[in-house]
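The values are calculated or read from the model by the stated rules, or taken from the named source; none is laboratory data. None of these values were measured; they are calculated from a predicted model. Neighbour counts are summed over all protein chains in view; Cβ atoms, including those assigned to glycine, are modelled from backbone coordinates with ideal geometry. Protein only, heavy atoms only, side chains kept; ligands, DNA and RNA dropped before computing areas. Shrake-Rupley method; radii C 1.70, N 1.55, O 1.52, S 1.80 Å.
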Amino acid sequence: MPKSNTIFPPNLQPGDTIGIVCPAGPMPAENVSECIRVLNELWGFRVKVGKTVGNQYHNFAGTDDERLQDLQEMMDNDDVKAILCGRGGYGTGRIIDQLDFSKFCYNPKWIIGFSDITVLLAHMYSNFNIAGLHAPMAAAFKENGYLNDYVGSLHQSLLGEKGHFIIPSHHYNRVGSANGVLVGGNLSLVVNLIGTPSALDTNDKILFLEDIGEYLYGIDRMVRQLKRGGFLKGLKGLIVGGFTDGKDTTIPFGKTVEELILDIVSDYDYPVGFGFPVSHGIENYTLTVGGYYNLDITEDWLRLKQHKDNY
């Protein structure tokens, strides 16, 4: 089995500091309070709250410079061992090229988030081979959310436990097995990154995708763009998560998300799994972008297991 060249930040220890920032959309400070309480009182970490939490500038958690500076300070702070993004929204792509990763590469730390944070996770892995956590963010802790398995999977990952998920098989699954590095995230962002320094190399990888609020024809268009660009041809496997709050046009598109994706990848023979709990909803397991995983899909179940040695 080939060794992965991915760099994995150190696992967290009790008393370590987690920074919270909002590099994209705004988030009221009160929406972070439960997350801070759980991280501190129940999980045993210290918390450093960034200046962008509770801040707002139009549709962002501050100006581009404010969000850039807040994230940069957390990345460069030796006392901060992980960075939890408060929320996604839009805006990470506006500052990604101004971030200085020189110190971060010598002292990598876990960056946590999903949705718009796909930009940051993809950029870290594509340019520096540094792994990140596609995982629940601050709002997921509210209303006892910290008690569910999805937020729990983040806690386990921070402590160094490897993800091992088994879910019932989906009607549209394509059976098979695959081993490889896991990459992916929000479909819209994965597609938007094509042609930029942050674009993902999907060759020989297991790709996972999810999205929210997209029309069926838009999903079809984006997945077909991935195919036309060669991003689906060399996959080891494909995992399709939730496409929450999906829409259809007045004249129906005529296919479900599952059906249109299966049609697009019909030229390839790798395993394809649907309904995996990675999404904009509550069901959002922590996945290590850059981690080495074993994917097994049978008629009865799908299993995704991160290799304990990451290769």
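Quick grid of which residues meet (1) over 22 Å from residue 130 (Cβ atoms); (2) surrounded by 14 or more Cβ atoms within 10 Å (Cβ to Cβ); (3) among the acidic types (Asp, Glu); (4) in contact with a His (Cβ under 7 Å, 6 or more places away or on another chain):
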{"residue": "208", "(1), (2), (3), (4)": "no, yes, no, no"}
{"residue": "213", "(1), (2), (3), (4)": "yes, no, no, no"}
{"residue": "223", "(1), (2), (3), (4)": "yes, yes, no, no"}
{"residue": "245", "(1), (2), (3), (4)": "yes, no, yes, no"}
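Kindly list the number of the only condition in (1) touching a residue at least 40 places away in the same chain (Cβ under 8 Å); (2) open to solvent by less than 20 Å² (accessible area, probe 1.4 Å); (3) under 26 Å from residue 39 (Cβ atoms); (4) in contact with a strand residue (DSSP E or B) (Cβ under 9 Å, 6 or more places away or on another chain) that fails for residue 89.
It fails just one condition, (2).
Filter region 276-303 down to residues that are more than 24 Å from residue 199 (Cα to Cα) and touching a Leu at 6+ places or on another chain (Cβ under 8 Å) and give me whichever is surrounded by the most Cβ atoms within 10 Å (Cβ to Cβ).
Filtering region 276-303 for residues that are more than 24 Å from residue 199 (Cα to Cα) and touching a Leu at 6+ places or on another chain (Cβ under 8 Å), the one surrounded by the most Cβ atoms within 10 Å (Cβ to Cβ) comes out as 302.
How many residues does region 147-193 hold that are among the hydroxyl-bearing types (Ser, Thr, Tyr) and within 18 Å of the chain's Cα centre (by Cα)? Steps first, please.
In the first step, residues of region 147-193 are kept if they are among the hydroxyl-bearing types (Ser, Thr, Tyr); the result is 150, 153, 157, 169, 172, 177, 188.
Next, only the ones that are within 18 Å of the chain's Cα centre (by Cα) stay: 150, 153, 157, 188.
Count: 4.
Contact list please: Cβ distance under 7 Å, first residue in region 222-248 and under 16 Å from residue 188 (Cα atoms), second residue among the polar types (S, T, N, Q), pairs at least six apart or on different chains.
222/188; 231/202; 241/279; 242/279; 244/279
Can you find a residue in region 78-86 that is closer than 21 Å to residue 189 by Cα, surrounded by fewer than 23 Cβ atoms within 10 Å (Cβ to Cβ), touching a residue at least 60 places away in the same chain (Cβ under 8 Å) and among the small types (Gly, Ala, Ser)?
Filtering region 78-86 for residues closer than 21 Å to residue 189 by Cα gives 83-86.
Retained after the next criterion (residues that are surrounded by fewer than 23 Cβ atoms within 10 Å (Cβ to Cβ)): none.
Scanning region 78-86, I find no residue that is closer than 21 Å to residue 189 by Cα, surrounded by fewer than 23 Cβ atoms within 10 Å (Cβ to Cβ), touching a residue at least 60 places away in the same chain (Cβ under 8 Å) and among the small types (Gly, Ala, Ser), so the answer is no.
Take the residues in region 149-174 that are among the hydroxyl-bearing types (Ser, Thr, Tyr) and assigned to a loop (DSSP other than H, G, I, E, B); name whichever of them is nearest to residue 304 (Cα to Cα). Explain how you work it out, then say what you get.
Within region 149-174, the first condition is being among the hydroxyl-bearing types (Ser, Thr, Tyr), and the residues that meet it are 150, 153, 157, 169, 172.
Keeping just the survivors that are assigned to a loop (DSSP other than H, G, I, E, B) gives 169, 172.
Working: 169: 12, 172: 17 Å.
Ranking the candidates gives 169 first.
Among the residues that make up region 94-110, is at least one of them buried (at least 24 other Cβ atoms within 10 Å of the Cβ) and either within 23 Å of residue 160 (Cβ to Cβ) or modelled with pLDDT of 95 or more (or both)? It would help to see each step written out before you state the result.
Pass one, region 94-110, residues buried (at least 24 other Cβ atoms within 10 Å of the Cβ): none.
No, region 94-110 contains no residue that is buried (at least 24 other Cβ atoms within 10 Å of the Cβ) and either within 23 Å of residue 160 (Cβ to Cβ) or modelled with pLDDT of 95 or more (or both).
State the number of residues belonging to region 110-148 that are within 18 Å of residue 241 (Cα to Cα), of a type in the set (Gly, Ala, Ser) and part of a helix (DSSP H, G or I).
3
Six or more apart or on different chains, Cβ under 7 Å: which pairs go from a residue in region 166-186 that's under 29 Å from residue 6 (Cα atoms) to one that's crowded, with 16+ Cβ neighbours inside 10 Å and among the acidic types (Asp, Glu)? Could you list them?
As it stands, the answer is 177/296; 186/210; 186/211, since those pairs meet every condition given.
For region 27-52, enumerate the residues that are assigned to a loop (DSSP other than H, G, I, E, B) and open to solvent by 20 Å² or more (accessible area, probe 1.4 Å).
Listed by number, the residues that qualify are 28, 43, 44, 51.
Go through (1) among the polar types (S, T, N, Q); (2) within 14 Å of residue 24 (Cα to Cα); (3) open to solvent by 20 Å² or more (accessible area, probe 1.4 Å) and name the single condition residue 173 misses.
Only one criterion in (1) among the polar types (S, T, N, Q); (2) within 14 Å of residue 24 (Cα to Cα); (3) open to solvent by 20 Å² or more (accessible area, probe 1.4 Å) is unmet by residue 173, namely (2).
Within region 59-68, is there a residue that is open to solvent by 40 Å² or more (accessible area, probe 1.4 Å), without any contact (Cβ under 8 Å) to a residue 60 or more places away in the chain and touching a Cys at 6+ places or on another chain (Cβ under 8 Å)?
no
May I ask you to list the residues in region 27-81 that are among the small types (Gly, Ala, Ser), farther than 24 Å from residue 14 by Cα and touching a strand residue (DSSP E or B) at 6+ places or on another chain (Cβ under 9 Å)?
29, 61
How many residues are in contact with a Pro (Cβ under 8 Å, 6 or more places away or on another chain) and open to solvent by 10 Å² or more (accessible area, probe 1.4 Å) when one looks only at region 111-127?
Here the count works out to 4.
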